[in-house]
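Enquirer: Below is the structure I would like to discuss, written out as structure tokens.
The values are calculated or read from the model by the stated rules, or taken from the named source; none is laboratory data. These numbers were taken from a predicted model, which means no experiment stands behind them. Neighbour counts are summed over all protein chains in view; Cβ atoms, including those assigned to glycine, are modelled from backbone coordinates with ideal geometry. Protein only, heavy atoms only, side chains kept; ligands, DNA and RNA dropped before computing areas. Shrake-Rupley method; radii C 1.70, N 1.55, O 1.52, S 1.80 Å.
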Amino acid sequence: MNARITFKSERHADVQNLKEVYAGRKCVSEPYDSLLIPNTALTFVGDTTVCCSSNDILLVTIG
């Protein structure tokens, strides 16, 4: 599974082979409903790790 995180600044980050997603310190499982809760630190762990604030995200595509 892969993830594309699109930021409000029109940049994006790709995470290949997504293994885990964290909202704060809590591991989030599918369907990832809590990803866009305001003021939350998000961490996407796969071949690369992307850390960001939910406030900066426009769209997350996981598939």
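Enquirer: Please report the net charge: other residues with Cβ closer than 14 Å to the Cβ of Asp56, K and R +1, D and E -1. Don't skip to the answer; put the middle values down first.
Expert: Working: positive: Lys8, Arg11; negative: Glu10.
Result for the neighbourhood of Asp56: +1.
Enquirer: Additional query: Show me, for the range 49-57, the HN-Hα J-couplings you get by feeding each phi into the Karplus relation (A = 6.51, B = -1.76, C = 1.60, θ = phi - 60°), rounded to Hz, glycine and proline as x.
Expert: 10, 10, 10, 7, 9, 4, 5, 8, 9
Enquirer: Follow-up. Step by step: find N for the chain, compute 2.2 N^0.38 Å, then divide the Cα radius of gyration by it. What's the final number? Before the final figure, lay out the partial values.
Expert: On the way: Rg = 10.3 Å, N = 63, 2.2 N^0.38 = 10.6 Å.
The reported ratio for this selection is 0.97.
Enquirer: Mind checking the per residue accessible area of the chain for me, 1.4 Å probe, whole number of Å²? Working shown, then result.
Expert: Working: 4120 Å² over 63 residues.
With all protein chains present, the chain gives 65 Å² per residue.
Enquirer: Looking at Ala13, Cys27, Ile62, which one has the Cα that reaches farthest to the positive end of the dipole of the chain (charges on Cβ: Lys, Arg +1; Asp, Glu -1)?
Expert: The listed residue farthest towards the positive side: Cys27.
Enquirer: Add +1 for every Lys or Arg and -1 for every Asp or Glu among the other residues with Cβ under 13 Å from the Cβ of Val15, and state the total.
Expert: Details: positive: Arg4, Lys19; negative: Asp14, Glu20, Asp47.
Taking every Cβ under 13 Å from that of Val15, the sum is -1.
Enquirer: About the Cα centre, and with charges only on the beta carbon of Lys, Arg (+1) and Asp, Glu (-1), how big is the dipole of the range 7-61? Nearest 20 debye, please. Present the calculation step by step, with values, prior to reporting the outcome.
Expert: On the way: 5 positive and 7 negative charges, 37 e Å.
The calculation lands at about 180 debye.
Enquirer: At a 10 angstrom cut-off on C-beta neighbours, averaged per residue, how do the peptides 12-22, 46-56 rank from highest to lowest?
Expert: Details: 12-22: 15.2, 46-56: 13.6.
Ranked by mean Cβ neighbours within 10 Å, highest first: 12-22, 46-56.
Enquirer: Let me ask you something else. At 1.4 Å probe size, with the rest of the protein present, what percent of the exposed accessible area of the chain is carbon and sulfur atoms?
Expert: On the way: 2090 of 4120 Å².
Heavy-atom surface of the chain belonging to carbon and sulfur, 1.4 Å probe: 51 percent.
Enquirer: Report the relative contact order of the chain, percent, no decimals, based on alpha-carbon pairs under 8 angstrom and at least 6 residues apart. Don't jump to the answer; show the numbers that get you there.
Expert: Details: 127 pairs, mean separation 25.3, N = 63.
Across the chain, relative contact order equals 40 percent.
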